[in-house]
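**Student:** Sharing a structure, written as structure tokens. Questions coming.
The values are calculated or read from the model by the stated rules, or taken from the named source; none is laboratory data. This structure is a prediction, so every number in the text was calculated from the model and none was measured. In this analysis, Cβ positions are derived from the backbone assuming ideal geometry, glycine residues included, and neighbour counts consider all displayed protein chains.
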Amino acid sequence: MGSKSAIYILAVMLFVGGALAWFINRPQPASNASPLTADAKSYVRNLQLSDVSMKATESYVKQMVTEIEGKITNAGNRPVKQADVFCIFYNSYGEVILRERVPIVSGGLKPGESKSFRLPFDDIPGSWNNQMPQLVIARIEFS
């Protein structure tokens, strides 16, 4: 009976060791936290948001949609091909409850040019504090 117990213990140890090795070496899920390049970091101050407002509307399927609208201006000297922002929603305790990356510029934004944007959200958790989310430039791609 001693050798059977040793075999079971060895099998369990191999299984646990294999599971641990898989857990450590598994592919990490794609993160939406891609850092800005050094070039983009230095250019962020040139992308200016203005006239930002928030409104709630009901969709045709009776679902509440929160929309963030405003303008983005390229105050720098480089044409921007695309830019994304993180919209960060908080609860009443100041905790992040939703962090969503959305495109704010697509199709290009020339130096000195302004464009309107509309960012609709229909999946905000009920614990949201109903305040304007924090908007943070997440990515800039130059033309």
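**Student:** Would you mind stating whether residue 57 is hydroxyl-bearing (Ser, Thr, Tyr), in a strand (DSSP E or B), at pLDDT 95 or above and over 18 Å from the mean Cα position of the chain (by Cα)?
**Tutor:** Working: hydroxyl-bearing (Ser, Thr, Tyr): yes; in a strand (DSSP E or B): yes; at pLDDT 95 or above: no; over 18 Å from the mean Cα position of the chain (by Cα): yes.
It is false that residue 57 is hydroxyl-bearing (Ser, Thr, Tyr), in a strand (DSSP E or B), at pLDDT 95 or above and over 18 Å from the mean Cα position of the chain (by Cα).
**Student:** Got a number for residues in segment 105-143 being under 15 Å from residue 54 (Cα atoms) and among the aliphatic types (A, V, I, L, M)?
**Tutor:** Matching residues across segment 105-143 total 4.
**Student:** Another question about this same structure. Please verify whether residue 121 is modelled with pLDDT of 95 or more, among the aromatic types (Phe, Trp, Tyr) and touching a strand residue (DSSP E or B) at 6+ places or on another chain (Cβ under 6 Å), treating the condition exactly as stated. Show your work before the answer.
**Tutor:** Details: modelled with pLDDT of 95 or more: no; among the aromatic types (Phe, Trp, Tyr): yes; touching a strand residue (DSSP E or B) at 6+ places or on another chain (Cβ under 6 Å): yes.
Considered against the rule, which asks whether it is modelled with pLDDT of 95 or more, among the aromatic types (Phe, Trp, Tyr) and touching a strand residue (DSSP E or B) at 6+ places or on another chain (Cβ under 6 Å), residue 121 comes out as no.
**Student:** Residue 82: surrounded by 15 or more Cβ atoms within 10 Å (Cβ to Cβ), assigned to a strand (DSSP E or B), without any contact (Cβ under 8 Å) to a residue 60 or more places away in the chain and among the polar types (S, T, N, Q), yes or no?
**Tutor:** Values: surrounded by 15 or more Cβ atoms within 10 Å (Cβ to Cβ): yes; assigned to a strand (DSSP E or B): yes; without any contact (Cβ under 8 Å) to a residue 60 or more places away in the chain: yes; among the polar types (S, T, N, Q): yes.
For residue 82, the condition - surrounded by 15 or more Cβ atoms within 10 Å (Cβ to Cβ), assigned to a strand (DSSP E or B), without any contact (Cβ under 8 Å) to a residue 60 or more places away in the chain and among the polar types (S, T, N, Q) - is met.
**Student:** Then there is this: So, of the residues in segment 110-143 that are assigned to a strand (DSSP E or B) and in contact with a Lys or Arg (Cβ under 6 Å, 6 or more places away or on another chain), which turns out to be nearest to residue 74 (Cα to Cα)? Walk me through how you get there before you give the answer.
**Tutor:** Narrowing segment 110-143 to residues assigned to a strand (DSSP E or B): 114-121, 128, 134-142.
From what is left, the residues that are in contact with a Lys or Arg (Cβ under 6 Å, 6 or more places away or on another chain) are 114, 116, 138, 141-142.
Values: 114: 6, 116: 12, 138: 15, 141: 13, 142: 12 Å.
Applying the filter and picking the extreme gives 114.
**Student:** Quick check: is even one residue across segment 72-79 of a type in the set (A, V, I, L, M), buried (at least 16 other Cβ atoms within 10 Å of the Cβ) and under 14 Å from the mean Cα position of the chain (by Cα)? Break it down into steps so the answer makes sense when it comes.
**Tutor:** First, the residues of segment 72-79 that are of a type in the set (A, V, I, L, M): 72, 75.
Restricting the remaining residues to those that are buried (at least 16 other Cβ atoms within 10 Å of the Cβ) gives 72.
If we keep only those that are under 14 Å from the mean Cα position of the chain (by Cα) as well, we get none.
Within segment 72-79, none of the residues are of a type in the set (A, V, I, L, M), buried (at least 16 other Cβ atoms within 10 Å of the Cβ) and under 14 Å from the mean Cα position of the chain (by Cα).
**Student:** Examine segment 89-104 for a residue that is loosely packed, with under 10 Cβ neighbours inside 10 Å, at pLDDT 75 or above, part of a helix (DSSP H, G or I) and not acidic (Asp, Glu), and state whether such a residue exists.
**Tutor:** No, every residue in segment 89-104 fails to be loosely packed, with under 10 Cβ neighbours inside 10 Å, at pLDDT 75 or above, part of a helix (DSSP H, G or I) and not acidic (Asp, Glu).
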